[in-house]
Amino acid sequence: MHKSPLFIFVLTILAVFAMACSDGDSSVDAGEDGIADAGEDAGEDAEEDAGEDAGEDAGEDAGEDAGEDAGEDAGGDEGPEVSPIVFNEVLIDGACGEDANGDGSIDAVEDEFIELINMSNATLDLSGWTLVDRDWGEYLPRHTFAAGTSLASGAAIVVFGGGEPPEDEARAQYLISNAADPGTFYGLDLDANGDTIQLLDADGLEVASYGYGDGGDEDAVSDESNTRAPDLSGDFTPHSQASGDPEIIFSPGKQIDGSAF
């Protein structure tokens with residue numbers, strides 16, 4: 001059959017149109033797919049960014065909270081507790097030439113003494129409290145306060161190494177060391193070269209301590225006592241220097257000037 005030029009032209013136009021439609025559908029599909037993919041990618045990126053931002057915010061918040069908590073905790077902690085009792089005067093040299101306990105006999109052991117002062121605002125129960133010193137690398141008891149022993153606010157209690165103690169006064173008590181550990185030198189056993197003395201409460205916890213010579217920071221003073229100057233709060237000073245009188249070398253149970261606490 002003979003096809004006219006017009007018929008061929010029409011077929012050509014239809015074929016071109018069909019191809020154009022087909023390409024258009026592909027473009028539409030590609031566009032839709034591209035839009036969908038772009039949307040998914042944008043969503044994923046947004047989620048990741050949101051997750052990262054949330055993580056960073058959470059980390060920052062946690063860090064701030066931790067810092068605030070640490071600051072509050074640190075601010076809430078109280079400073080070191082002040083001891084209710086202080087070592088105020090110590091005589092480590094009983095053979096100083098004078099009778100410290102006043103019993104009529106000068107003795108190197110018996111005239112040693114430790115003076116303690118109650119710095120608190122209340123009467124303290126000293127029942128079961130113990131003075132210990134370090135011998136041969138361990139702490140040994142030197143005096144344990146009897147049940148019912150108490151010390152008024154601002155008052156003194158003095159423990160001698162032995163002998164007969166003076167009569168108690170209104171603001172001072174006088175005791176004799178009751179050390180009884182076998183094989184250890186009698187009395188307070190205050191070593192002339194150095195020692196560390198601790199006051200322990202009834203639970204065995206340290207309340208106060210005094211170290212001298214090779215046992216601590218204070219000087220190993222001989223021939224006189226070592227006393228706080230001023231009393232209660234000052235640095236330790238040889239008694240004759242603190243009193244300003246070379247003849248006044250100790251003052252157990254009394255202030256440096258001889259007055260009552």
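The values are calculated or read from the model by the stated rules, or taken from the named source; none is laboratory data. None of these values were measured; they are calculated from a predicted model. We place every Cβ from the backbone using ideal geometry, glycine too, and count neighbours over all the protein chains shown.
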*Given (1) crowded, with 18+ Cβ neighbours inside 10 Å; (2) over 32 Å from the mean Cα position of the chain (by Cα); (3) not in a loop (DSSP other than H, G, I, E, B), index of the condition residue 212 fails*: (2)
_Among the residues of the stretch 216-261, what is the count of those that are buried (at least 18 other Cβ atoms within 10 Å of the Cβ), polar (S, T, N, Q) and closer than 20 Å to residue 167 by Cα?_
2
*Out of 233, 222, report the one residue that is among the hydroxyl-bearing types (Ser, Thr, Tyr) and within 27 Å of the chain's Cα centre (by Cα).*
233
*Return the residue satisfying two criteria in turn: it lies in the stretch 151-172 and is surrounded by 15 or more Cβ atoms within 10 Å (Cβ to Cβ) and small (Gly, Ala, Ser), and of such residues it is farthest from the chain's Cα centre (by Cα).*
163
*Which one of the conditions (1) in a loop (DSSP other than H, G, I, E, B); (2) more than 22 Å from residue 219 (Cα to Cα) does residue 188 fail to meet, given that it meets all the rest?*
(2)
*Would you pick out the residues in the stretch 163-178 that are part of a loop (DSSP other than H, G, I, E, B) and either at negative phi or among the aromatic types (Phe, Trp, Tyr) (or both)?*
164, 165, 166, 167, 168, 170, 171, 177, 178
*residue 181 vs. criteria farther than 23 Å from residue 256 by Cα, crowded, with 17+ Cβ neighbours inside 10 Å, modelled with pLDDT under 95 and in contact with a strand residue (DSSP E or B) (Cβ under 8 Å, 6 or more places away or on another chain)*: no
*Out of all the residues in the stretch 150-161, is one or more modelled with pLDDT of 95 or more, closer than 18 Å to residue 201 by Cα and aromatic (Phe, Trp, Tyr)?*
no
_Tell me the residue from 189, 201 that is more than 19 Å from residue 110 (Cα to Cα) and not aliphatic (A, V, I, L, M), please._
201
*asked:* If a residue must be under 17 Å from residue 116 (Cβ atoms), free of Cβ contacts under 8 Å to residues at least 12 places away in the same chain and either in a strand (DSSP E or B) or touching a Phe, Trp or Tyr at 6+ places or on another chain (Cβ under 8 Å) (or both), how many such residues does the stretch 233-261 contain?
replied: 0
*asked:* Yes or no: the stretch 101-109 includes at least one residue that is part of a strand (DSSP E or B), under 30 Å from residue 246 (Cα atoms) and either modelled with pLDDT of 95 or more or out of contact with any Gly (no Cβ under 7 Å at 6 or more places or on another chain) (or both).
replied: no
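Taking the condition of being small (Gly, Ala, Ser) and either without any contact (Cβ under 8 Å) to a residue 12 or more places away in the chain or within 12 Å of residue 250 (Cβ to Cβ) (or both), how many residues in the stretch 223-232 meet it? Write out each step before concluding.
If we filter the stretch 223-232 for residues that are small (Gly, Ala, Ser), which is where we start, we get 225, 229.
From what's left, either without any contact (Cβ under 8 Å) to a residue 12 or more places away in the chain or within 12 Å of residue 250 (Cβ to Cβ) (or both): 225.
Within the stretch 223-232, residues that are small (Gly, Ala, Ser) and either without any contact (Cβ under 8 Å) to a residue 12 or more places away in the chain or within 12 Å of residue 250 (Cβ to Cβ) (or both) number 1.
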*asked:* Can you report the number of residues in the stretch 89-120 which are of a type in the set (Val, Ile, Thr) and in contact with a strand residue (DSSP E or B) (Cβ under 8 Å, 6 or more places away or on another chain)?
replied: 4
